[in-house]
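Before any comments, here is the structure.
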């Protein structure tokens with residue numbers, strides 16, 4: 001296969017790499033939930049930050065669900 005500099009490169013991550021990504025997403029979500037609480041979730045900016053936290057947590061949960069139990 002010829003490498004084209006305009007193409008995205010594909011690569012594989014091991015389970016430990018994916019777990020780091022999941023943990024980072026969950027930590028980010030936790031920080032955003034705390035920030036949203038400080039801002040007041042009912043405020044405009046607080047609601048935006050809260051929504052962002054929900055998205056980060058949802059992505060982490062999706063990855064966790066589809067992550068194989070063992071490395072391939």
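The values are calculated or read from the model by the stated rules, or taken from the named source; none is laboratory data. From a predicted model like this one, the values you see are computed outputs, not experimental measurements. So basically every Cβ, Gly included, is an ideal-geometry build from the backbone, and we count neighbours across all protein chains shown.
Note on the stretch 56-72: among residues that are in contact with a helix residue (DSSP H, G or I) (Cβ under 8 Å, 6 or more places away or on another chain) and more than 22 Å from residue 12 (Cβ to Cβ), the one that is surrounded by the fewest Cβ atoms within 10 Å (Cβ to Cβ) is 57.
Taking residues in the stretch 56-67 that are at positive phi, and partners anywhere that are at pLDDT below 95 and assigned to a helix (DSSP H, G or I), not one pair has Cβ atoms closer than 7 Å while being at least 6 places apart or on different chains. Here is the figure for the stretch 36-46: residues that are more than 18 Å from residue 59 (Cβ to Cβ), in contact with a helix residue (DSSP H, G or I) (Cβ under 9 Å, 6 or more places away or on another chain) and part of a helix (DSSP H, G or I) total 5. Being more than 28 Å from residue 65 (Cα to Cα) and modelled with pLDDT under 95 is the filter; apply it to the stretch 1-40 and report the residue that is nearest to the chain's Cα centre (by Cα). Looking at the filtered set, the residue picked out is 7.
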